[in-house]
Amino acid sequence: MALLKYIKTTCFVTAASTILIATGCQSDNTLQKQESDTAHSQNEISETARLEHTQMAAGARAECTLYPCHFDGPTLSSLGTTQLDLILDDSHSCNPLVVYLAVPEDSLAQDRRLAIGRYLEDRGGLKAEQIEFHDGPNPDTYNAVDLQLGYLVKTDTSLDGSGSGSSSSSSAGSSSGSASH
């Protein structure tokens, strides 16, 4: 009887050890797979973040306008420094760097220009002659609505482009002409 109990205990311990070892190996594989997936997803995130940052920098450089929210009185706010950092991060060169100031022309205007100039000199390595200031928002960021409305007809999907639009308007004209008789 003692021998039977010893065999059962040994079988139980062996089975439990086998299960624990198999589970441990499986969790190591799972852990390695999770680490690989994490590294892969971090690469994807960093690629996406890099692309986003490139687009933000290009947009900031294209607009290159600072508004009242970019300032705390005569100094740059954190939003202003972030905007200037994005402008400097854009890879396109421009000489001079034109900064548009859409802020009121008041007693702080000169101090704001000096703050921007100092920041661009310190962070971007620009010289004073490489920075140019213009008042108001960047005019290149605005488009006349009449140009955009001119393209509206080209985006109309109700016309199939085979000339049926012109024939339907002529048939509508003839039907309205016959209705008035």
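Tell me the net charge near residue 134. Cut-off is 14 Å between Cβ atoms, residue 134 excluded, with +1 for each Lys or Arg and -1 for each Asp or Glu.
Local charge sum for residue 134: -3.
What's the magnitude of the charge dipole for the stretch 64-138 around its Cα centre, counting Lys and Arg as +1 and Asp and Glu as -1 at the beta-carbon? Answer in Debye, nearest 20.
So the magnitude is around 80 debye.
Plugging the Kirkwood radius over Cα pairs into Stokes-Einstein for the stretch 64-138, at a temperature of 4 °C and a viscosity of 1.567 mPa s, what D comes out in µm²/s?
Calculated translational D: 106 µm²/s.
Just grab the label-to-label distance for residue 63 and residue 129, each label 7 Å out from Cα along the Cβ direction, in nm (one decimal).
3.2
Looking at the stretch 64-138, what % of its DSSP beta bridges pair antiparallel, to the nearest 5?
Numbers: 2 of 9 bridges.
Bridges in the stretch 64-138 are about 20 percent antiparallel.
How much length is gained on full extension from residue 14 to residue 110, taking 0.36 nm per residue of separation minus their Cα-Cα distance?
Full extension from residue 14 to residue 110 adds 26.2 nm.
If R0 is 30 Å, what FRET efficiency do you get for residue 141 and residue 89 from their C-beta distance, rounded to 0.05?
0.95
Coordinate-derived values only; no laboratory data. These numbers were taken from a predicted model, which means no experiment stands behind them. No Cβ is skipped: glycine too gets one built from the backbone with ideal geometry, and neighbour counts run over all protein chains shown.
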